[in-house]
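Asker: Just dropping this structure here.
The values are calculated or read from the model by the stated rules, or taken from the named source; none is laboratory data. These figures come from a predicted structure and were not determined experimentally. Cβ placement follows ideal geometry from the backbone for every residue including glycine, while neighbour counts extend to all protein chains displayed. Protein only, heavy atoms only, side chains kept; ligands, DNA and RNA dropped before computing areas. Shrake-Rupley method; radii C 1.70, N 1.55, O 1.52, S 1.80 Å.
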Amino acid sequence: MTSIPLSAISAWRPQAPLQRLHFDWLAGVELAVLRLDLIDPLISGNKWFKLAPHLHRAAEQGARGIISLGGAHSNHLHALAAAGQRFSFATVGLLRGHPQETPTVADLQRFGMQLHWLGYGGYRERHRAEFWAPWQVHYPDFLPVPEGGGGLPGALGCAGLPAMVAAQLPALGWGDYHGWWLAAGTGTTLAGLVIGEGGQRTVHGALAVPPDHGVAEQVRGLLSEAAVRDAGYRLVDACRGGFARQDAELLAFMTQSEAQSGLPLEPLYTAKALLALREAIERGEICAGTRLIFMHTGGLQGRRAASVAASEF
Ligand SMILES: *Cc1c(COP(=O)(O)O)cnc(C)c1O
(Lines give C-alpha, C1' and ligand atoms only; values in the text may rest on other atoms or scores of the structure.)
Protein backbone atom coordinates (compact mmCIF):
# COMPACT_ATOMS: atom_id res chain seq x y z
CA MET A 1 0.00 0.00 0.00
CA THR A 2 1.15 3.54 -0.71
CA SER A 3 1.54 6.30 1.84
CA ILE A 4 -1.27 8.14 3.60
CA PRO A 5 -3.00 10.51 1.12
CA LEU A 6 -2.48 14.00 2.55
CA SER A 7 -4.58 15.79 -0.06
CA ALA A 8 -7.69 13.67 0.52
CA ILE A 9 -7.41 14.07 4.27
CA SER A 10 -6.87 17.83 4.06
CA ALA A 11 -9.80 18.18 1.68
CA TRP A 12 -12.26 16.65 4.13
CA ARG A 13 -13.42 19.39 6.49
CA PRO A 14 -16.47 18.00 8.24
CA GLN A 15 -18.98 20.48 9.65
CA ALA A 16 -20.91 19.81 12.83
CA PRO A 17 -24.36 21.43 13.02
CA LEU A 18 -25.12 23.77 15.93
CA GLN A 19 -28.66 23.31 17.29
CA ARG A 20 -30.71 24.82 20.10
CA LEU A 21 -31.52 22.45 22.99
CA HIS A 22 -34.46 22.73 25.36
CA PHE A 23 -34.89 20.96 28.69
CA ASP A 24 -37.28 21.70 31.55
CA TRP A 25 -34.38 22.04 34.04
CA LEU A 26 -32.42 24.81 32.30
CA ALA A 27 -33.80 27.55 34.61
CA GLY A 28 -33.07 30.35 32.16
CA VAL A 29 -29.68 29.01 31.00
CA GLU A 30 -29.60 28.93 27.18
CA LEU A 31 -28.13 25.86 25.56
CA ALA A 32 -27.01 24.89 22.05
CA VAL A 33 -25.35 21.65 21.06
CA LEU A 34 -22.47 21.23 18.60
CA ARG A 35 -23.29 17.88 16.99
CA LEU A 36 -19.90 16.25 16.42
CA ASP A 37 -21.87 13.00 16.39
CA LEU A 38 -23.29 14.06 12.99
CA ILE A 39 -20.08 14.87 11.08
CA ASP A 40 -20.15 11.49 9.32
CA PRO A 41 -22.06 8.20 9.56
CA LEU A 42 -18.88 6.30 10.54
CA ILE A 43 -16.14 8.74 11.58
CA SER A 44 -18.07 10.24 14.46
CA GLY A 45 -17.40 12.57 17.36
CA ASN A 46 -14.36 14.37 18.73
CA LYS A 47 -12.01 11.56 17.70
CA TRP A 48 -11.68 12.72 14.09
CA PHE A 49 -10.56 16.18 15.19
CA LYS A 50 -7.96 14.65 17.52
CA LEU A 51 -6.77 12.26 14.80
CA ALA A 52 -6.47 14.70 11.89
CA PRO A 53 -3.16 16.33 12.95
CA HIS A 54 -1.64 12.89 13.61
CA LEU A 55 -2.70 11.83 10.10
CA HIS A 56 -1.17 14.97 8.62
CA ARG A 57 2.10 14.26 10.38
CA ALA A 58 2.05 10.64 9.26
CA ALA A 59 1.38 11.67 5.65
CA GLU A 60 4.20 14.23 5.72
CA GLN A 61 6.58 11.57 7.01
CA GLY A 62 5.52 9.24 4.21
CA ALA A 63 4.08 6.71 6.66
CA ARG A 64 2.05 3.84 5.21
CA GLY A 65 -0.34 3.60 8.10
CA ILE A 66 -1.20 4.26 11.72
CA ILE A 67 -0.83 2.01 14.74
CA SER A 68 -2.73 2.85 17.91
CA LEU A 69 -4.37 1.40 21.03
CA GLY A 70 -7.71 1.06 22.77
CA GLY A 71 -10.31 -1.17 24.36
CA ALA A 72 -12.88 -3.47 22.76
CA HIS A 73 -15.44 -0.61 22.64
CA SER A 74 -12.97 2.15 21.75
CA ASN A 75 -14.44 5.19 19.98
CA HIS A 76 -10.89 6.17 19.02
CA LEU A 77 -10.02 2.89 17.26
CA HIS A 78 -13.44 2.93 15.60
CA ALA A 79 -12.84 6.40 14.13
CA LEU A 80 -9.28 5.49 13.13
CA ALA A 81 -10.30 2.26 11.39
CA ALA A 82 -13.17 4.00 9.59
CA ALA A 83 -10.80 6.77 8.46
CA GLY A 84 -8.35 4.14 7.24
CA GLN A 85 -11.03 2.56 5.12
CA ARG A 86 -12.34 5.90 3.85
CA PHE A 87 -8.92 7.30 2.89
CA SER A 88 -7.22 4.02 1.94
CA PHE A 89 -4.46 3.74 4.51
CA ALA A 90 -3.52 0.80 6.69
CA THR A 91 -4.45 0.69 10.37
CA VAL A 92 -3.28 -1.51 13.22
CA GLY A 93 -5.10 -1.65 16.54
CA LEU A 94 -3.52 -2.94 19.76
CA LEU A 95 -6.36 -4.01 22.01
CA ARG A 96 -6.66 -4.22 25.77
CA GLY A 97 -7.53 -7.63 27.17
CA HIS A 98 -8.22 -10.96 25.51
CA PRO A 99 -9.94 -11.58 22.18
CA GLN A 100 -13.64 -10.86 22.40
CA GLU A 101 -16.39 -10.08 19.97
CA THR A 102 -18.11 -6.76 20.40
CA PRO A 103 -19.98 -4.66 17.81
CA THR A 104 -16.96 -2.34 17.82
CA VAL A 105 -14.47 -5.15 17.20
CA ALA A 106 -16.65 -6.48 14.36
CA ASP A 107 -16.56 -3.01 12.77
CA LEU A 108 -12.79 -2.72 13.20
CA GLN A 109 -12.37 -6.00 11.33
CA ARG A 110 -14.86 -4.96 8.66
CA PHE A 111 -12.96 -1.68 8.16
CA GLY A 112 -9.78 -3.68 7.60
CA MET A 113 -7.91 -2.86 10.79
CA GLN A 114 -5.25 -5.40 11.78
CA LEU A 115 -5.90 -6.35 15.41
CA HIS A 116 -3.56 -7.61 18.13
CA TRP A 117 -4.81 -8.44 21.62
CA LEU A 118 -2.27 -7.50 24.30
CA GLY A 119 -3.96 -8.96 27.37
CA TYR A 120 -4.34 -6.70 30.40
CA GLY A 121 -0.73 -6.84 31.60
CA GLY A 122 0.63 -6.20 28.11
CA TYR A 123 -1.68 -3.23 27.67
CA ARG A 124 -0.53 -1.75 30.96
CA GLU A 125 3.01 -1.56 29.52
CA ARG A 126 1.92 1.00 26.93
CA HIS A 127 3.44 4.00 28.71
CA ARG A 128 6.93 2.43 28.92
CA ALA A 129 9.59 3.91 26.66
CA GLU A 130 10.40 0.55 25.07
CA PHE A 131 6.77 -0.40 24.37
CA TRP A 132 6.69 0.65 20.71
CA ALA A 133 10.08 -0.76 19.64
CA PRO A 134 8.93 -4.31 18.72
CA TRP A 135 5.81 -2.98 17.01
CA GLN A 136 7.88 -0.63 14.91
CA VAL A 137 10.03 -3.56 13.85
CA HIS A 138 6.89 -5.49 12.96
CA TYR A 139 5.20 -2.51 11.28
CA PRO A 140 7.93 -0.27 9.88
CA ASP A 141 6.60 2.95 8.32
CA PHE A 142 3.59 3.00 10.66
CA LEU A 143 3.20 6.06 12.88
CA PRO A 144 2.23 5.24 16.47
CA VAL A 145 -0.59 7.43 17.78
CA PRO A 146 -1.16 7.62 21.54
CA GLU A 147 -4.31 6.18 23.09
CA GLY A 148 -7.34 8.30 22.24
CA GLY A 149 -5.36 10.41 19.76
CA GLY A 150 -3.98 12.48 22.61
CA GLY A 151 -1.00 14.78 22.99
CA LEU A 152 -0.60 18.32 21.75
CA PRO A 153 -1.36 17.43 18.08
CA GLY A 154 -4.70 15.97 19.20
CA ALA A 155 -5.52 19.07 21.22
CA LEU A 156 -4.61 21.42 18.37
CA GLY A 157 -6.97 19.48 16.12
CA CYS A 158 -9.83 20.65 18.36
CA ALA A 159 -8.69 24.28 18.53
CA GLY A 160 -10.68 25.15 15.39
CA LEU A 161 -14.03 24.16 16.89
CA PRO A 162 -14.82 27.63 18.32
CA ALA A 163 -14.61 28.98 14.76
CA MET A 164 -17.10 26.33 13.63
CA VAL A 165 -19.49 27.60 16.31
CA ALA A 166 -18.86 31.27 15.49
CA ALA A 167 -19.86 30.70 11.87
CA GLN A 168 -23.23 29.30 12.96
CA LEU A 169 -24.15 31.80 15.71
CA PRO A 170 -26.10 34.19 13.45
CA ALA A 171 -28.36 31.36 12.23
CA LEU A 172 -29.04 30.51 15.87
CA GLY A 173 -29.90 34.13 16.66
CA TRP A 174 -27.10 34.35 19.20
CA GLY A 175 -24.75 37.30 19.10
CA ASP A 176 -22.27 35.50 21.34
CA TYR A 177 -21.98 32.79 23.99
CA HIS A 178 -20.32 32.53 27.38
CA GLY A 179 -18.77 29.10 27.46
CA TRP A 180 -18.56 25.42 26.65
CA TRP A 181 -19.72 22.32 28.47
CA LEU A 182 -18.27 18.96 27.40
CA ALA A 183 -17.33 15.51 28.63
CA ALA A 184 -13.64 15.05 29.38
CA GLY A 185 -11.78 11.72 29.40
CA THR A 186 -8.11 12.66 28.96
CA GLY A 187 -8.85 16.40 28.69
CA THR A 188 -7.25 16.63 25.23
CA THR A 189 -10.39 18.00 23.56
CA LEU A 190 -10.91 20.44 26.43
CA ALA A 191 -7.31 21.68 26.17
CA GLY A 192 -7.84 22.23 22.44
CA LEU A 193 -10.92 24.36 23.12
CA VAL A 194 -9.08 26.41 25.74
CA ILE A 195 -6.32 27.01 23.18
CA GLY A 196 -8.88 27.88 20.47
CA GLU A 197 -10.81 30.24 22.75
CA GLY A 198 -7.67 32.11 23.79
CA GLY A 199 -9.14 32.82 27.22
CA GLN A 200 -12.27 34.49 25.85
CA ARG A 201 -14.82 32.02 27.25
CA THR A 202 -14.93 29.45 30.03
CA VAL A 203 -14.58 25.79 29.04
CA HIS A 204 -16.27 23.47 31.54
CA GLY A 205 -14.97 19.89 31.48
CA ALA A 206 -17.32 17.27 32.95
CA LEU A 207 -14.95 14.50 34.04
CA ALA A 208 -16.06 11.04 32.89
CA VAL A 209 -13.16 9.52 34.84
CA PRO A 210 -12.43 9.73 38.58
CA PRO A 211 -10.69 12.90 39.82
CA ASP A 212 -7.47 10.95 40.57
CA HIS A 213 -6.93 10.05 36.88
CA GLY A 214 -4.61 13.00 36.36
CA VAL A 215 -6.76 14.95 33.90
CA ALA A 216 -6.01 18.28 35.58
CA GLU A 217 -2.25 17.61 35.30
CA GLN A 218 -2.64 16.51 31.69
CA VAL A 219 -4.55 19.65 30.72
CA ARG A 220 -1.98 21.84 32.50
CA GLY A 221 0.79 20.01 30.64
CA LEU A 222 -0.85 20.48 27.23
CA LEU A 223 -1.50 24.17 27.86
CA SER A 224 2.06 24.80 28.95
CA GLU A 225 3.36 22.88 25.91
CA ALA A 226 1.18 25.14 23.75
CA ALA A 227 2.47 28.17 25.70
CA VAL A 228 -1.11 29.11 26.56
CA ARG A 229 -2.02 30.69 29.86
CA ASP A 230 -3.39 28.03 32.24
CA ALA A 231 -6.77 29.74 32.66
CA GLY A 232 -10.28 29.86 31.27
CA TYR A 233 -11.45 26.38 32.18
CA ARG A 234 -13.01 24.50 35.05
CA LEU A 235 -13.22 20.75 35.73
CA VAL A 236 -16.26 19.24 37.45
CA ASP A 237 -16.72 15.65 38.60
CA ALA A 238 -19.27 13.86 36.43
CA CYS A 239 -18.11 10.23 36.65
CA ARG A 240 -20.68 9.04 39.20
CA GLY A 241 -18.34 6.66 41.00
CA GLY A 242 -16.11 5.53 38.14
CA PHE A 243 -15.55 5.46 34.39
CA ALA A 244 -18.38 3.55 32.66
CA ARG A 245 -20.28 3.16 35.96
CA GLN A 246 -23.98 3.37 35.22
CA ASP A 247 -26.66 3.95 37.83
CA ALA A 248 -30.43 4.04 37.60
CA GLU A 249 -30.65 7.83 37.92
CA LEU A 250 -28.22 8.31 35.04
CA LEU A 251 -30.07 5.89 32.77
CA ALA A 252 -33.46 7.43 33.60
CA PHE A 253 -32.05 10.91 32.96
CA MET A 254 -30.62 9.76 29.63
CA THR A 255 -33.93 8.27 28.46
CA GLN A 256 -35.87 11.34 29.58
CA SER A 257 -33.41 13.78 27.98
CA GLU A 258 -33.51 11.91 24.69
CA ALA A 259 -37.31 11.98 24.73
CA GLN A 260 -37.40 15.72 25.53
CA SER A 261 -34.80 16.82 23.00
CA GLY A 262 -34.44 14.10 20.37
CA LEU A 263 -30.69 14.21 21.01
CA PRO A 264 -29.18 10.69 21.12
CA LEU A 265 -26.82 10.17 24.07
CA GLU A 266 -24.67 7.36 25.47
CA PRO A 267 -24.06 6.67 29.15
CA LEU A 268 -20.24 6.93 29.34
CA TYR A 269 -19.60 10.51 28.34
CA THR A 270 -22.42 12.61 26.89
CA ALA A 271 -25.26 11.65 29.29
CA LYS A 272 -22.94 12.03 32.30
CA ALA A 273 -21.80 15.44 31.08
CA LEU A 274 -25.38 16.62 30.55
CA LEU A 275 -26.47 15.35 33.98
CA ALA A 276 -23.52 17.15 35.57
CA LEU A 277 -24.71 20.33 33.84
CA ARG A 278 -28.19 19.92 35.32
CA GLU A 279 -26.64 19.44 38.76
CA ALA A 280 -24.45 22.54 38.36
CA ILE A 281 -27.51 24.58 37.38
CA GLU A 282 -29.42 23.18 40.37
CA ARG A 283 -26.53 24.19 42.66
CA GLY A 284 -26.78 27.72 41.24
CA GLU A 285 -23.30 27.61 39.68
CA ILE A 286 -24.54 28.67 36.22
CA CYS A 287 -26.89 31.63 36.29
CA ALA A 288 -29.93 32.41 34.15
CA GLY A 289 -29.07 34.12 30.88
CA THR A 290 -25.79 32.22 30.46
CA ARG A 291 -25.38 30.88 26.93
CA LEU A 292 -23.53 27.58 26.76
CA ILE A 293 -22.40 25.32 23.92
CA PHE A 294 -22.75 21.67 24.88
CA MET A 295 -20.37 19.63 22.76
CA HIS A 296 -21.78 16.28 21.65
CA THR A 297 -18.51 14.35 21.54
CA GLY A 298 -20.06 11.30 19.82
CA GLY A 299 -19.51 7.80 21.16
CA LEU A 300 -22.85 6.47 19.97
CA GLN A 301 -21.22 3.45 18.31
CA GLY A 302 -20.19 2.23 21.77
CA ARG A 303 -23.79 2.35 22.90
CA ARG A 304 -24.54 -0.88 21.06
CA ALA A 305 -22.69 -2.64 23.88
CA ALA A 306 -23.89 -0.36 26.68
CA SER A 307 -25.14 -3.30 28.69
CA VAL A 308 -21.71 -4.96 29.12
CA ALA A 309 -19.95 -4.82 32.47
CA ALA A 310 -18.22 -1.55 33.31
CA SER A 311 -14.94 -3.44 33.82
CA GLU A 312 -14.84 -4.30 30.13
CA PHE A 313 -14.41 -0.69 29.03
C1 LIG B 1 -12.93 10.06 23.88
C2 LIG B 1 -14.23 10.69 24.22
C3 LIG B 1 -14.33 11.79 25.10
C4 LIG B 1 -13.14 12.34 25.83
O5 LIG B 1 -12.27 13.08 25.04
P6 LIG B 1 -10.89 13.57 25.67
O7 LIG B 1 -10.27 14.38 24.60
O8 LIG B 1 -10.09 12.33 25.98
O9 LIG B 1 -11.16 14.31 26.92
C10 LIG B 1 -15.57 12.34 25.34
N11 LIG B 1 -16.67 11.84 24.75
C12 LIG B 1 -16.64 10.80 23.92
C13 LIG B 1 -17.90 10.29 23.35
C14 LIG B 1 -15.42 10.18 23.62
O15 LIG B 1 -15.38 9.13 22.80
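Asker: For a quick protection proxy, order the peptides 161-174, 70-83 by their average other-Cβ count within 10 Å, most packed first.
Answerer: 70-83, 161-174
Asker: Could you please state how large a percent of the accessible area of the range 47-149 is carbon and sulfur, counting protein chains only and using a 1.4 Å probe?
Answerer: About 50 percent, which is the carbon plus sulfur part of the accessible surface.
Asker: Quick check on packing: order 233-240, 44-51, 220-227 by the mean number of other C-beta atoms within 10 Å, highest mean leading.
Answerer: Most protected by this proxy first, the peptides run 44-51, 233-240, 220-227.
Asker: In the range 9-95, if every C-alpha pair distance is counted and binned at 5 Å from zero, what percent goes to each bin?
Answerer: Cα pair-distance distribution for the range 9-95, in percent: 3, 13, 21, 20, 14, 10, 7, 6, 4, 2, 0.
Asker: Output the antiparallel fraction of DSSP beta bridges having both residues in the chain, as a percent to the nearest 5.
Answerer: If we restrict to bridges inside the chain, about 15 percent are antiparallel.
Asker: Next up: Mind pulling the angle between the C-alpha long axis of helix 215-225 and the longest principal axis of the chain? Nearest 10 degrees, somewhere in 0 to 90.
Answerer: 70
Asker: I want to check the label-to-label distance for residue 8 and residue 61. Put each point 7 Å from Cα in the C-beta direction and report it in nm to one decimal.
Answerer: Going by the 7 Å Cα→Cβ label model, 2.1 nm.
Asker: About the Cα centre, and with charges only on the beta carbon of Lys, Arg (+1) and Asp, Glu (-1), how big is the dipole of the chain? Nearest 20 debye, please.
Answerer: In debye, rounded to 20, the chain gives about 420.
Asker: Provide the per-residue ³J(HN,Hα) series for the range 28-45, in order, calculated from phi with Karplus coefficients 6.51, -1.76, 1.60 and θ = phi - 60°, each as a whole number of Hz, with x at glycine and proline positions.
Answerer: Whole-Hz 3J(HN,Hα) from phi for the range 28-45: x, 6, 9, 10, 10, 10, 8, 8, 5, 5, 9, 5, 6, x, 10, 8, 10, x.
Asker: Further question: If the elastic network links every pair of Cα atoms under 10 Å, which of 271, 133, 52 fluctuates the most in the Gaussian network model of the chain?
Answerer: Between 271, 133, 52, it is 133 that shows the largest mean-square fluctuation.
Asker: When only Cα pairs under 8 Å and 6 or more residues apart are kept, what is the percent relative contact order across the chain?
Answerer: Relative contact order, the chain: 23 percent.
Asker: With θ set to phi - 60°, apply the Karplus curve 6.51 cos²θ - 1.76 cosθ + 1.60 along the range 128-138 and write out the HN-Hα couplings as whole Hz, x wherever there is a Gly or Pro.
Answerer: 3J(HN,Hα) across the range 128-138, in whole Hz: 6, 4, 8, 4, 7, 3, x, 5, 6, 5, 5.
Asker: On the first, second and third principal axes, largest extent first, how far apart are the outermost C-alpha atoms of the range 131-199 in Å?
Answerer: Sorted largest first, the three principal extents are 55, 20, 18 Å.
Asker: Give me the angle, in degrees from 0 to 90, between the Cα long axis of helix 75-87 and the longest principal axis of the Cα atoms of the chain, rounded to the nearest 10.
Answerer: With rounding to tens, the tilt is 60 degrees.
Asker: A further question on this structure: With every protein chain left in place, what is the accessible area per residue of the chain in square angstrom, probe 1.4 Å?
Answerer: 41
Asker: Treat each spin label as a single point 7 Å out from the Cα along the C-beta direction, and report the residue 178 to residue 86 distance in nm.
Answerer: In this crude spin-label approximation the distance works out to 3.5 nm.
Asker: Quick one: the Cα spread of the chain along its three principal axes, in angstroms, biggest first?
Answerer: Each principal axis gives a Cα extent; for the chain these are 57, 39, 34 Å.
Asker: Now for a separate question. Please list, by residue number, every one of the GluC sites (Glu not before Pro) in the range 52-128 that is coil in DSSP and has at most 11 other beta-carbon atoms within 10 Å.
Answerer: Those satisfying the criteria are 101.
Asker: Testing the spin-label approximation: label points 7 Å from Cα along Cα→Cβ at residue 101 and residue 229. State their distance in nm.
Answerer: About 5.6 nm, to one decimal.
Asker: Once the mean 1/r over all distinct Cα pairs of the range 75-164 is inverted, what Kirkwood radius in angstroms do you read off?
Answerer: Kirkwood hydrodynamic radius for the range 75-164: 14.5 Å.
Asker: Here is a further query. Taking the chain as the reference, fit the longest principal axis to its C-alpha atoms, fit the long axis of helix 248-261 to the helix C-alpha atoms, and give the angle between the two in degrees, 0 to 90, nearest 10.
Answerer: 70
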